[in-house]
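Structure, as structure tokens:
Here, each number is a calculation from the coordinates, and none is a lab measurement. Just so it is clear, the structure is predicted and the values come from calculations on it, not from any experiment. All Cβ positions, glycine included, derive from the backbone under ideal geometry; neighbour counts span all protein chains shown.
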Amino acid sequence: MEPVKITYESIDDYITQAPLEIRKKLEAVRKVIHEAAPEAEEKISYQMPTFFLHGNLVHFAAFKKHIGFYPAPSGIEAFQEELAQYKGAKGSVQFPLDKPLPLDLISRIVKFRAAENREKAAAKAKK
């Protein structure tokens with residue numbers, strides 16, 4: 001028998017399924033993203049909370065021991081020195097649950113990605 005696959009309709013659905021302490025961290029990330037890119041739209045993509053602004057802006061998700069943050073490879077590259085203390089990959093970073101979230105850094109990454117997406121959209125519109 002296959003396990004039941006949970007599908008989320010909204011970021012609210014996603015966050016409410018998390019334990020309270022993780023829920024608080026997810027809400028903090030969501031708030032920072034909203035403040036950094038207020039015009040970005042919320043949606044679920046790849047079954048993760050996603051912010052969309054002229055394309056995917058950032059994704060985030062809760063895991064057993066960390067909050068995954070996915071600002072695309074360009075977002076990781078632009079802040080690689082500050083992100084060096086965290087586990088990560090080409091387009092992702094893991095913020096451990098047992099440490100404070102770097103909310104200022106998340107905000108700066110989101111602002112960077114928003115500017116990047118706006119530039120790409122403007123260039124595309126000129127063609």
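Taking square-rooted eigenvalues a ≥ b ≥ c of the alpha carbon gyration tensor, is the range 1-69 rounded, prolate or oblate, where a/c under 1.5 means rounded and, failing that, a/b exceeding b/c means prolate? Judged from the Cα gyration tensor, the range 1-69 comes out oblate (a/c at least 1.5, b/c at or above a/b). Approximating the spin labels as points 7 Å out from Cα along Cα→Cβ, the PHE52-to-LYS24 distance works out to 3.2 nm. Averaging Cα coordinates gives a centre for the range 63-127 and one for the range 10-54; these two points are 14 Å apart. In the chain, the longest principal axis of the Cα atoms and the axis of helix 20-36 are about 10 degrees apart.
For the options LYS64, LYS24, LYS43, a Gaussian network treatment of the chain with springs between C-alpha atoms closer than 10 Å singles out LYS64 as fluctuating the most. Amide H contacts under 5 Å for ILE67: PHE95, LEU97, restricted to partners 5 or more places along the chain or on a different chain, H placed in the peptide plane at 1.01 Å from N. Principal-axis analysis of the Cα atoms of the chain puts helix 103-126 at an angle of about 50° to the longest axis. Exposed loop sites here mean GluC sites (Glu not before Pro) with a DSSP loop assignment and at most 14 other beta-carbon atoms within 10 Å; the chain contains its longest site-free run at 40-127. Projected label points at PHE112 and LYS65, each 7 Å from Cα along the beta carbon direction, are separated by 2.6 nanometres.
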